[in-house]
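Undergrad: Starting off with a structure, shown below.
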Amino acid sequence: MKFLIVTHVEHVYKDGKYYGYAPYVREMNIWLKHVDEVLIVAPLSKRAITAIEIPYEHSHIDFKAVPAFSLTSGKEIIKTLFNLPMLLWTIFRYMRKTDHIHLRCPGNMGLLGCIVQICFPKKTKTAKYAGNWDPNSNQPASYRLQKKILKSTLLTKNMNTLVYGDWPNSTKNIKSFFTATYYEKDKQPLKAKLYTNHIKFLFVGTLSVGKQPKYVIQLVQGLKKKGYDVSLDVFGDGVLRNELETFIAAEQIASYITLHGNKTKTEIENAYKESHFMVLPSKSEGWPKVVAEAMFWGCIPVVTPISCVPYMLAEGQRGVLLSMQLEQDVEAVKNVMINTDKCTAIRKEGSEWSRTYTLDYFEAEIVKLL
């Protein structure tokens with residue numbers, strides 16, 4: 001089987017291998033175990049590989065590099081319009097010679113893929129919509145257009161669109177799905193944690209406006225001001241790093257707030273095992289892997305109630321749902337934190353739930369789609 005991936009993910013080529021964002025490539029490698037040839041249409045960069053990028057694991061990859069594009073400025077719009085015919089033709093040409101079309105959405109390349117796939121009603125297709133499928137959420141027009149095309153049984157034929165959560169008014173194109181990080185063999189007994197002494201908080205994600213890492217710092221700072229022995233480890237990098245470093249210095253809180261930057265999967269896993277709470281006040285998510293990963297290792301998630309997160313947390317039974325009102329959230333976390341029995345019950349229930357969604361289960365479901 002020839003399997004085509006159309007994605008906006010930026011790739012890097014080195015020593016005969018194509019590298020990309022690790023969580024995405026790690027997932028795609030599971031799909032690729034079951035295909036003969038891989039076709040990829042995506043942006044390719046000449047920059048160095050970062051610590052959070054890994055290579056595809058397949059011996060037959062036909063990679064077609066296309067320019068990355070956006071509509072964020074007048075200059076970018078003109079550049080995109082100039083490249084648009086070539087982009088559409090490239091996608092069409094690769095869709096024509098593949099057996100299975102796989103779109104990664106939402107994204108600019110995903111949008112073009114959604115449009116071009118209409119020309120191939122008889123080909124088998126899947127689309128992974130990794131964003132928030134909530135029809136009532138406030139999203140960019142391009143995201144709404146992708147959702148409309150993917151949902152339409154008139155425009156889109158032979159499609160399984162994998163979305164996070166169960167939503168009303170779904171068509172036969174839409175399939176509620178999940179993602180995973182660990183295998184059955186990775187399950188280990190939960191490490192015992194005391195909630196009576198030092199409490200460790202964790203943030204894992206991009207240091208961006210959308211992830212709101214400053215709010216995590218302020219939340220832990222609020223608990224510290226109330227006299228609790230707490231600390232925060234921040235894993236990830238991004239455009240807000242300098243701003244966060246300035247804030248930490250100005251507030252003189254570096255003794256209990258540490259920015260670690262990007263770290264390996266193993267280092268993050270160890271942080272989950274050692275930490276008591278993982279905080280993610282994100283503005284938008286699909287199925288946030290870091291939440292499921294934290295729960296897998298018995299680290300209690302503290303998350304905004306967006307997308308399918310309330311389902312993941314059983315409306316607060318498997319974690320804490322944030323209101324994004326700082327004083328209110330500090331009090332809510334404190335009330336859980338000081339109740340050892342409640343913490344023990346939450347982490348146990350969360351771990352049991354998360355451990356049902358393994359990569360073994362994920363792969364079995366992927367095979368059905370292929």
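The values are calculated or read from the model by the stated rules, or taken from the named source; none is laboratory data. All values reported here derive from a predicted model rather than from experimental measurement. Here the Cβ is made from the backbone with ideal geometry for all residues, glycine too, and neighbour counts use every protein chain on show.
Undergrad: Got a sec? Which of LEU111, LEU81 is on the phi < 0 side of the Ramachandran plot and within 28 Å of the chain's Cα centre (by Cα)?
TA: When all the criteria are applied, what remains is LEU111.
Undergrad: Look through the range 136-161, keep the residues that are surrounded by 16 or more Cβ atoms within 10 Å (Cβ to Cβ) and not polar (S, T, N, Q), and return whichever of them is modelled with the lowest pLDDT.
TA: Top of the filtered list is TYR143.
Undergrad: Of all residues in the range 80-119, which are touching a helix residue (DSSP H, G or I) at 6+ places or on another chain (Cβ under 9 Å) and of a type in the set (Lys, Arg)?
TA: Of everything in the range 80-119, those that are touching a helix residue (DSSP H, G or I) at 6+ places or on another chain (Cβ under 9 Å) and of a type in the set (Lys, Arg) turn out to be ARG96, ARG104.
Undergrad: Output the residues belonging to the range 324-349 that are within 14 Å of GLN218 (Cβ to Cβ), outside any helix (DSSP H, G or I) and either touching a helix residue (DSSP H, G or I) at 6+ places or on another chain (Cβ under 6 Å) or among the hydrophobic types (A, V, I, L, M, F, W, C) (or both).
TA: Residue satisfying the conditions is MET324 alone.
Undergrad: Considering each residue of the range 135-182, count those that are in a loop (DSSP other than H, G, I, E, B), within 18 Å of the chain's Cα centre (by Cα) and among the aromatic types (Phe, Trp, Tyr), and give that number.
TA: 2
Undergrad: How many of the residues in the range 52-75 are more than 14 Å from MET1 (Cα to Cα) and either in contact with a Phe, Trp or Tyr (Cβ under 7 Å, 6 or more places away or on another chain) or surrounded by 13 or more Cβ atoms within 10 Å (Cβ to Cβ) (or both)?
TA: Residues meeting the conditions: 13.
Undergrad: Hey, among ILE61, ILE52, ILE77, which residue is of a type in the set (Val, Ile, Thr) and either in the same structural domain as GLU285 (by TED's automatic domain parsing) or in contact with a strand residue (DSSP E or B) (Cβ under 6 Å, 6 or more places away or on another chain) (or both)?
TA: ILE61
Undergrad: Tell me which residues, restricted to the range 214-229, are of a type in the set (D, E, K, R) and out of contact with any Phe, Trp or Tyr (no Cβ under 7 Å at 6 or more places or on another chain).
TA: Hits for the range 214-229 are LYS225, LYS226, ASP229.
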